[in-house]
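Worksheet for the structure shown next.
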Amino acid sequence: MNLRLETEGQTAHLIIDRPDQRGAFNLAMWQALPGLLDQAARNPQLRALVLRSDEGQGAFCAGADIKELLANKDDGGWRSANQAAINRAQFELARHPLPTIAVVGGDCIGGGCGLALACDMRIATNNDARFGITPAKLGLVYPLHDVKLLVDLIGPGQARRLLFTGMLIDAPEALRIGLIEDICEAPATLIDQIVAAAPSSVRELKRFVQRVLDGTGAHDDDSLRIFADAFHTSDFAEGTRAFVEKRKPEFR
């Protein structure tokens, strides 16, 4: 399998492993992704999910498998199945209950950039990482869901610049326009900080951010209940106890 799930402590690693095609996603990989995401979501020990390529692949993900696409371009059934698989995978990744971090080394292009956009945060491991959304160079159209993710992240002007030109930009430029959050050779520090935070807080804060992105900015009964209920959780008890005792909290 060119896509696999591994766990390390309280972190799940969703690993793209297709070095002969620079991590390009084929239909089987798009179809496999939701099941692996669900597997991670059902593990109560996990507190974060990292999407990355296998070491030595040389790219995060070069995008969709163009060779497979060309081989099936006249097959309407295949095209429909492929589109449905991409849409489902992206939707479920963007709404995964765990905080998600894309760790990008090398090229992150097209559908690969879409995968990174669907994560909560994106970290480039070096200045040479490249980002681009290239359908305009192929006569194709990027999925609307992924365009929204891009516009939400970097604004309509920068989104148009990337989409209309299909240009590739390096990690410093991606950082400047807000496409990524950091350039860091060892992103484990950020991941460890997320894992160390109160899991109930992170879970609900992620839901609140998604609600804002979906257009909700005012409190309702559900959001007020979530805010009030936090005072009765074991995480609140441990967090405040640790604060008073001047120690690091140990959330369980």
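The values are calculated or read from the model by the stated rules, or taken from the named source; none is laboratory data. These numbers come from a predicted model, not from an experiment. Here the Cβ is made from the backbone with ideal geometry for all residues, glycine too, and neighbour counts use every protein chain on show.
Below are the figures for this structure:
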read-out	value
Single match in 115, 93, 138 (criterion: more than 26 Å from residue 202 (Cβ to Cβ), hydrophobic (A, V, I, L, M, F, W, C) and in contact (Cβ under 8 Å) with a residue 60 or more places away in the chain)	138
Test for residue 251: is it modelled with pLDDT of 95 or more and of a type outside the set (A, V, I, L, M)	no
Breaking point among (1) more than 23 Å from residue 128 (Cα to Cα); (2) outside any helix (DSSP H, G or I), for residue 30	(2)
Test: residue 179 is in a loop (DSSP other than H, G, I, E, B) and either surrounded by 15 or more Cβ atoms within 10 Å (Cβ to Cβ) or at pLDDT 95 or above (or both)	yes
Restricting the stretch 198-252 to residues that are acidic (Asp, Glu) and loosely packed, with under 15 Cβ neighbours inside 10 Å, the residue that is nearest to the chain's Cα centre (by Cα)	214
Condition check for residue 152: surrounded by fewer than 18 Cβ atoms within 10 Å (Cβ to Cβ) and modelled with pLDDT of 95 or more	yes
Condition check for residue 59: assigned by TED's automatic domain parsing to the domain that holds residue 108 and within 19 Å of residue 91 (Cα to Cα)	no
